[in-house]
Amino acid sequence: MVEASSQGATPPVAELTSVLFSEDTLDGVLRMIAAVARSALIPLYGASVSLVRDGSVITSHSAPEEVRDLDERQYSVGTGPCMEAIRTGHPVRVGLAGDPKRWPHLSELAAELAIAEVLALPLLVRGRSIGALNLYIRVGKSLSEREEEAAQGLATQAAVALANAADFMSNQVVNDRLQAAVQTREVIGQAQGILMARENRTRSGAFDLLRVKSQRSNRKLRDVAAELVEETEDAAL
């Protein structure tokens, strides 16, 4: 697990840590990040989480949904504040209305939504940028120094929560697979025992019978074994 620090965070952001770490899924974590960012930082029109997955960048969650369009325009051309934050690992703050020539593909839509500024904060895990927290600031509003510090604290907490959620999910997948493997060995062992008694076979001979039936029926060995065990149990009732 990555250790978290809520230093510099406002109370709503600091409280996010315990909420996020109690979530069992990455999806729940990401939804919470976007929602808390928008509600905790008043000057925001909205917030979104960009995430690098399999070499591509996606918006996992946004609040409200309209800011997703701003993210996706950046992905489509490969440039923009959130793309730059992910690429460099450094925060990017830019006024879209005041500098329309830098990212013209964003300026028109931002104007329609009354968004004047974007603050994109990289989500860094063990020195690697895995995404960005994108904060879209309303026209006529601005983040104070304290609010910007809180936003950075939120990005730190978000990165930690993402790492911990990913660790949880990875461990859960491993545990599930190990459990499945144990169950498979158990049911095959039961089926072998049945065939050893019924057919007077050795353990390896019983396994060969299961394997041949599996191949002929084009079914998994575990399913063939489970069916034999179930049929034997039903017959005994």
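So here's what we get for this one:
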item: LEU96 being buried (at least 18 other Cβ atoms within 10 Å of the Cβ), assigned by TED's automatic domain parsing to the domain that holds PRO64 and not small (Gly, Ala, Ser); result: yes
item: Matching residues in the range 114-152 - criterion: being among the aliphatic types (A, V, I, L, M) and either farther than 13 Å from ALA47 by Cβ or free of Cβ contacts under 8 Å to residues at least 12 places away in the same chain (or both); result: ALA114, ALA116, LEU124, VAL125, ILE130, VAL139
item: Top-ranked residue in the range 51-67 [being assigned to a loop (DSSP other than H, G, I, E, B) and of a type outside the set (Gly, Ala, Ser); ranked as surrounded by the most Cβ atoms within 10 Å (Cβ to Cβ)]; result: GLU66
item: Residue within the range 77-88 that is in a loop (DSSP other than H, G, I, E, B), at pLDDT 85 or above and buried (at least 20 other Cβ atoms within 10 Å of the Cβ) present; result: yes
item: Where SER48 falls short, out of the listed (1) closer than 15 Å to VAL118 by Cα; (2) surrounded by fewer than 16 Cβ atoms within 10 Å (Cβ to Cβ); (3) small (Gly, Ala, Ser); result: (2)
item: Neighbours by Cβ (under 7 Å, 6+ apart or cross-chain): first from the range 199-222, in the same structural domain as ILE188 (by TED's automatic domain parsing); second outside any helix (DSSP H, G or I); result: LEU209/ARG201; SER214/LYS220
item: Options LEU30, LEU70: the member that is over 22 Å from ALA110 (Cα atoms) and crowded, with 21+ Cβ neighbours inside 10 Å; result: LEU30
item: Filter result (farther than 14 Å from GLU233 by Cα and within 48 Å of the chain's Cα centre (by Cα)) within the range 193-209; result: MET196, ARG203, SER204, GLY205, ALA206, PHE207, ASP208, LEU209
item: Leading residue by the ranking (nearest to the chain's Cα centre (by Cα)) among those in the range 226-237 that are within 12 Å of GLY193 (Cβ to Cβ) and free of Cβ contacts under 8 Å to residues at least 40 places away in the same chain; result: LEU228
item: Residues (among the charged types (D, E, K, R) and within 12 Å of the chain's Cα centre (by Cα)) located in the range 23-53; result: GLU23, ASP24, ASP27, ARG31, ARG53
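Rundown of residues vs (1) among the hydrophobic types (A, V, I, L, M, F, W, C); (2) touching a helix residue (DSSP H, G or I) at 6+ places or on another chain (Cβ under 9 Å), yes/no style:
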{"residue": "GLY78", "(1), (2)": "no, no"}
{"residue": "CYS82", "(1), (2)": "yes, yes"}
{"residue": "ALA85", "(1), (2)": "yes, no"}
{"residue": "LEU96", "(1), (2)": "yes, yes"}
{"residue": "LEU109", "(1), (2)": "yes, yes"}
{"residue": "VAL139", "(1), (2)": "yes, yes"}
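The values are calculated or read from the model by the stated rules, or taken from the named source; none is laboratory data. Model, not experiment: these values are computed from the prediction. In this analysis, Cβ positions are derived from the backbone assuming ideal geometry, glycine residues included, and neighbour counts consider all displayed protein chains.
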